[in-house]
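Engineer: A single structure is presented below for examination.
The values are calculated or read from the model by the stated rules, or taken from the named source; none is laboratory data. Predicted model only: the values in this text are computed from it and were never measured. Cβ coordinates were reconstructed from backbone atoms using ideal geometry, including for glycine residues, and neighbour counts include every protein chain displayed.
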Ligand code: SF4
Ligand code: SF4
């Protein structure tokens, strides 16, 4: 069965991503999560057309955003991923099987950036391309001021 935001009852990108109405980590005031989603659907602005990796069918069922509390989207290259985590579940990306799958992506040569609100950490196998101060062995959330903006 094909995936859809409506049948999944998911609106999580309207919380974990920044739009012109909200900052990442806070619900867009136009959203009624679980009750039909966007109230201004027909006239909504730039957020129109966003499709997360789960919706595009690139991830397993267990990555359904409103169940795993994470929205995965592509980065600059096909190997790079951004994971926007619901701040109400800040450790979701450290749980299994998610953490192992993100690590596996890194082993394939990709870069994974985990965002929790305005904080983020990069998971990578080498220091190449990492923001100054990032430590591959410390997979903890650090303030963007310490790592630099992505
Ligand atoms: S996070 Fe994905 S499945 Fe959920 S509403 Fe956004 S695009 Fe749809
Ligand atoms: S305007 Fe609608 S689609 Fe855009 S972030 Fe808000 S609720 Fe989501």
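Engineer: Can you find a residue in the stretch 53-62 that is touching a residue at least 12 places away in the same chain (Cβ under 8 Å), outside any loop (DSSP other than H, G, I, E, B) and within 15 Å of the chain's Cα centre (by Cα)?
Structural biologist: Scanning the stretch 53-62, I find at least one residue that is touching a residue at least 12 places away in the same chain (Cβ under 8 Å), outside any loop (DSSP other than H, G, I, E, B) and within 15 Å of the chain's Cα centre (by Cα), so the answer is yes.
Engineer: Okay, next question. Taking the options 80, 76, name whichever one is away from ligand 1 (no atom under 11 Å from the Cβ), surrounded by 14 or more Cβ atoms within 10 Å (Cβ to Cβ) and under 22 Å from residue 104 (Cβ atoms). Step through it out loud before you land on a result.
Structural biologist: Values: 76 fails: surrounded by 14 or more Cβ atoms within 10 Å (Cβ to Cβ).
From the options 80, 76, the qualifying one is 80.
Engineer: Which of (1) within 16 Å of ligand 2 (Cβ to nearest atom); (2) surrounded by 17 or more Cβ atoms within 10 Å (Cβ to Cβ); (3) under 14 Å from the mean Cα position of the chain (by Cα) is the odd one out, the single condition residue 70 does not satisfy?
Structural biologist: Here residue 70 meets the rest and fails (1).
Engineer: Any idea how many residues of the stretch 29-48 are part of a loop (DSSP other than H, G, I, E, B), more than 11 Å from ligand 1 (Cβ to nearest atom) and in contact with a strand residue (DSSP E or B) (Cβ under 9 Å, 6 or more places away or on another chain)?
Structural biologist: 3
Engineer: The conditions are (1) assigned to a loop (DSSP other than H, G, I, E, B); (2) out of contact with any helix residue (DSSP H, G or I) (no Cβ under 9 Å at 6 or more places or on another chain); (3) more than 16 Å from ligand 1 (Cβ to nearest atom); (4) at pLDDT below 90, and residue 105 fails exactly one of them. Which is it?
Structural biologist: In the conditions (1) assigned to a loop (DSSP other than H, G, I, E, B); (2) out of contact with any helix residue (DSSP H, G or I) (no Cβ under 9 Å at 6 or more places or on another chain); (3) more than 16 Å from ligand 1 (Cβ to nearest atom); (4) at pLDDT below 90, residue 105 misses (1) alone.
Engineer: Just the residues that are more than 8 Å from ligand 2 (Cβ to nearest atom) and surrounded by 10 or more Cβ atoms within 10 Å (Cβ to Cβ), please, taken from the stretch 33-56.
Structural biologist: Scanning the stretch 33-56 gives 33, 34, 36, 51, 52, 53, 54, 55, 56.
Engineer: Look through 120, 98, 89 and report the one residue that is farther than 20 Å from residue 6 by Cβ, at pLDDT 90 or above and either within 12 Å of ligand 1 (Cβ to nearest atom) or buried (at least 17 other Cβ atoms within 10 Å of the Cβ) (or both).
Structural biologist: Details: 120 fails: at pLDDT 90 or above; 89 fails: either within 12 Å of ligand 1 (Cβ to nearest atom) or buried (at least 17 other Cβ atoms within 10 Å of the Cβ) (or both).
The match here is 98.
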